[in-house]
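The values are calculated or read from the model by the stated rules, or taken from the named source; none is laboratory data. Note that this is a predicted model, so its numbers are computed, not measured. Glycine gets a Cβ as well: all are built from the backbone with ideal geometry, and neighbour counts include every protein chain shown. Just so you know, the surface numbers come from the protein's heavy atoms only, side chains and all, with ligands and any DNA or RNA stripped out. Shrake-Rupley method; radii C 1.70, N 1.55, O 1.52, S 1.80 Å.
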Amino acid sequence: MMRPAGPRRSRARLRACAALAASLIASGAGAGDLAALYPRDGRRDLTGADVARYPGAGVLFCRRADGIPQKAAAAWLIGDARLVVLNAHNFRNRQMEMTREVADCFFQIGGRNYTFEPASLRLGTPFGAKALHITDDWALLRLSQPAEGIPPQPIPAAPPLPTGPAEIPIVMVSPGGHANYDGPASTESCRIRQIDPPSEDDMRRVRHDCNDGFGGSGSGLFDAEGRLVAMQSASLSMNSRRPFDIEFHYGSALMFEGALLAAIREAVAGAPARAPVAP
C-alpha cells in the first residue's frame, strides 16, 4: 500500500515540481527540432555492445487517438523478467490527471512487444496527490508475460553520493532516443552537476548536463562502473540550445533510492505490486 500524503510537501519537492512543470515529456511533441539542449552534443548511436553493458533497456510505445502506435519514452526491465520501471508522467500530467490508459501502451525490448497488466500500475505519488513532482515521477508495471531471452537490469543499489554540488561522470543511455537526435537510440557521456536534498520519500533529484529531447524521458544515468544511478524525468527549456546553467538550464533525474528502490525490491521479492493509484 502506498502511504497517505503528508500535510505538506517538502521544500525540495516543491522546487522539483517547478522543474517538472517546465517540461514534462509529451509523446511526439517537438518532432523535427534537431537542436541539442547544449552547444556541446556528445551523443552517439547506441550499439550492441552498449545494450550488453546496460541490460534491460526498452521502449514504451503508446497508441495515438487514431490507433497508430508511436514511440513514447524509455523504460527499463529491472530485477525481473516481468517488472518494468518508467516515468509516471507517461500516464499522468503534473496535475495528476490521466493522460493515457496503460492498455493503450506496450513495452518493446529485444525486438519483441509485450503487453502490460493494467491493474499492476504503481505510481510514485502518494495516494490522493494533486501534483506530480520530480522525485514522484516513477511508475512500476508488470508485463503480461516474461520477456524472453532478455536479461533485466540488476536491482540498483542506493548510490553512495553526497548531497550538494558535484562533478560526477555518468553515461545517459536513451533507448527511446530523442526527437532532436537523428538516431533511434543514443548514449552520451556527461556529468551530474548537483544533487538536491531528499524529499520525504528519501529520494533526491540530480541536476545534470546530459543532452535530452522529447522522447528521452526514462533514460538511464549510469556511473563509470556501469551501475544505474538515476532515471531522467524532465529538462528545463526543452530544445533551447544554450550553455548549462545550474539554476535555469539543466536536466532533472530521480535517483534510485528511497521509496523507488523499496518498491522495486518489494515487487521483485514477489510482494503484491498493486497499490492504489491516484485518480
Original post:
Applying the selection to the stretch 98-117, what residues are open to solvent by 70 Å² or more (accessible area, probe 1.4 Å) and under 28 Å from Arg205 (Cα atoms)?
Top reply: Met98, Thr99, Glu101
Original post:
When the stretch 124-139 is examined, which residues are found to be open to solvent by less than 10 Å² (accessible area, probe 1.4 Å) and either basic (Lys, Arg) or not in a loop (DSSP other than H, G, I, E, B) (or both)?
Top reply: Ile134, Thr135, Asp136, Ala139
Subject >> Positions within the stretch 226-244 being surrounded by fewer than 19 Cβ atoms within 10 Å (Cβ to Cβ) and either at pLDDT 95 or above or within 19 Å of Val84 (Cβ to Cβ) (or both), in sequence order >> reply: Gly226, Arg227
Original post:
Can you find even one residue in the stretch 164-175 that is in a loop (DSSP other than H, G, I, E, B), crowded, with 23+ Cβ neighbours inside 10 Å and in contact (Cβ under 8 Å) with a residue 24 or more places away in the chain?
Top reply: yes
**OP:** Kindly indicate whether Ser144 is touching a strand residue (DSSP E or B) at 6+ places or on another chain (Cβ under 9 Å) and surrounded by fewer than 22 Cβ atoms within 10 Å (Cβ to Cβ).
**Re:** yes
Original post:
Hey, among the residues in the stretch 118-138 that are modelled with pLDDT of 95 or more and over 14 Å from Met203 (Cα atoms), which one's farthest from the chain's Cα centre (by Cα)?
Top reply: Ala119
Subject >> strands (runs of 3 or more DSSP E) wholly inside the stretch 193-262 containing at least 1 residues that are in contact with an Asp or Glu (Cβ under 9 Å, 6 or more places away or on another chain) >> reply: 205-208, 228-235, 251-255
